[in-house]
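Worksheet for the structure shown next.
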Amino acid sequence: LYGLGLKRLTTSYNSITITTIQNLFGLLLFLPLILIYEWQNIISLPDLLNLDLLFAFFNLALFASSIAFVLFAYGISIIGPSKASAFSNSIPIFTIIFAYFVLNENIGLIKLIGMSIVLLGLFLFLT
């Protein structure tokens, strides 16, 4: 449903506008809940802040919450919602690859089997 609705929106708006509005709605909807249920943690947050935490929040906000959705919306406008959604199933493969190079994570047999299943499913869908 998300992909179909996004396809209709991409005919009238660009992907950056759509993602900005999505993020603003998310902020407006979740901010009251955070203030109600996490107030004690927010008060103690200045004691916990350091450069590493701020860097992690910045990366999460920029890459996972913004750029990824901008690219997904752009992809839907180009190849359509069904193919774009199929390619979103390849996210675990890229996660394993990045974890291998960035975090020196081991790629064992189970992960290789999982990657093969995802790639086989993607291949079967696209043919």
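Using just its DSSP H runs of length 4 or more, each adding -39500 (n - 2.57), the chain gives a mean residue ellipticity at 222 nm of -24000 deg cm²/dmol after division by all residues. Among the protein heavy atoms of the chain, carbon and sulfur supply 75% of the accessible surface, probe 1.4 Å, non-protein parts ignored. Coupling constants for the stretch 92-101 follow from the phi torsions by the Karplus curve (6.51 cos²θ - 1.76 cosθ + 1.60, θ = phi - 60°), and in residue order they are x, 5, 5, 4, 5, 5, 5, 5, 5, 7 Hz; glycine and proline get x. Just checking the listed ones, Phe72, Phe87, Phe57: in the Gaussian network model of the chain with Cα springs under 10 Å, the one fluctuating most is Phe57. Rounded to whole numbers, the Karplus 3J(HN,Hα) couplings from phi for the stretch 118-125 are 5, 5, 5, x, 5, 4, 5, 5 Hz, using 6.51 cos²θ - 1.76 cosθ + 1.60 with θ = phi - 60°, and x at Gly and Pro. Between the amide H of Glu105 and those of Tyr100, distances stay under 5 Å, these residues lying 5 or more places away or on another chain, with hydrogens modeled in the peptide plane. Just to be sure I understand: with springs between alpha-carbon atoms less than 10 Å apart, which residue in Tyr100, Tyr13, Tyr74 has the highest mean-square fluctuation in the Gaussian network model of the chain? Comparing Tyr100, Tyr13, Tyr74 in the GNM, the peak value goes to Tyr100.
In the context of the full set of protein chains, residues of the chain present 78 Å² of accessible surface per residue (probe radius 1.4 Å, heavy atoms only). In order along the stretch 59-65, the phi-based Karplus estimate (6.51 cos²θ - 1.76 cosθ + 1.60, θ = phi - 60°) of 3J(HN,Hα) comes to 5, 4, 5, 6, 7, 6, 9 Hz; Gly and Pro are listed as x.
Residues considered: Asn89, Asn14, Asn106. Largest GNM mean-square fluctuation over the chain, using C-alpha springs under 10 Å, is found at Asn106.
Across the stretch 28-120, Cα-Cα distances exceeding 17 Å account for 70% of all pairs.
Its convex hull of Cα atoms gives the stretch 1-58 a direction-averaged projected area, equal to a quarter of the hull surface, of 5.6 nm².
The values are calculated or read from the model by the stated rules, or taken from the named source; none is laboratory data. Note that the coordinates shown come from a computational prediction; the quantities given were computed from them, not determined experimentally. Surface accessibility is based on the protein's heavy atoms, side chains included, excluding ligands, DNA and RNA. Shrake-Rupley method; radii C 1.70, N 1.55, O 1.52, S 1.80 Å.
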